[in-house]
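Since the structure comes first, as structure tokens, the remarks are kept for the end.
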Amino acid sequence: MARARCSCGQLGIEIEGDPVLNALCHCTDCRRRTGSAFGWQAYFLEGQLTGKSGTAKARPVPVAEPQVRHFCPDCGTTVWWTSGTAPGMVGVAGGTFDPGVLGEPIASYRDENRCVWLSTPEGWTIYP
């Protein structure tokens, strides 16, 4: 079992098994959501989510792929979300897991928006 949690530790979820997808996304929305050069996310089947702790606040986000983001009302960390383009799945912010829980991402999405100084490792699947 893996646990993802917010910065202050108030909000967490528990997941069983490996992610269906472990990837980086370089779209403008992910960059703004994280305040970084990319978003790191792992997608799991809804049935892999085995528990939640704390209180989440949900916010619908009208982006290209509409999402409902669940975040900590105390520290603001987005921990998980659901997306209209991935029904039956839960996206979890990669950085909310303890180090070493997730393996290396295997794909890079919206690569046309990738910062020019950021390269992706050999062998990754690259999506425009």
Could you pull out the residue among Pro19, Pro60 that is in contact with a strand residue (DSSP E or B) (Cβ under 7 Å, 6 or more places away or on another chain) and free of Cβ contacts under 8 Å to residues at least 12 places away in the same chain?
Pro60
Counting only residues that are of a type outside the set (Gly, Ala, Ser) and assigned to a strand (DSSP E or B), region 11-37 contains a total of 7
Can you say whether Val20 is surrounded by fewer than 20 Cβ atoms within 10 Å (Cβ to Cβ), out of contact with any Gly (no Cβ under 9 Å at 6 or more places or on another chain), at pLDDT 95 or above and within 28 Å of Leu118 (Cβ to Cβ), as far as the supplied structure shows?
yes
In region 74-108, what count of residues is obtained for those that are over 18 Å from Lys52 (Cβ atoms) and surrounded by fewer than 14 Cβ atoms within 10 Å (Cβ to Cβ)?
7
Under 8 Å between Cβ atoms, which residue pairs at least 6 apart in sequence (or on different chains) link something in region 99-114 that is on the phi < 0 side of the Ramachandran plot with a partner that is among the aromatic types (Phe, Trp, Tyr) and modelled with pLDDT under 90?
Ala107/Tyr127; Ser108/Tyr127; Tyr109/Tyr127; Asp111/Tyr127
Only residues that are of a type in the set (A, V, I, L, M, F, W, C), part of a loop (DSSP other than H, G, I, E, B) and more than 17 Å from Arg32 (Cβ to Cβ): list them for region 45-103, please.
Ala56, Cys72, Cys75, Ala86, Val101, Leu102
When region 69-111 is checked residue by residue, the ones that are more than 12 Å from the chain's Cα centre (by Cα) and β-branched (Val, Ile, Thr) are Thr85, Val101, Ile106
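The values are calculated or read from the model by the stated rules, or taken from the named source; none is laboratory data. Just so we're clear, the structure is a prediction, and the values are computed from it rather than from any experiment. All Cβ positions, even for glycine, are placed from backbone atoms using ideal geometry, and neighbour counts span all protein chains on display.
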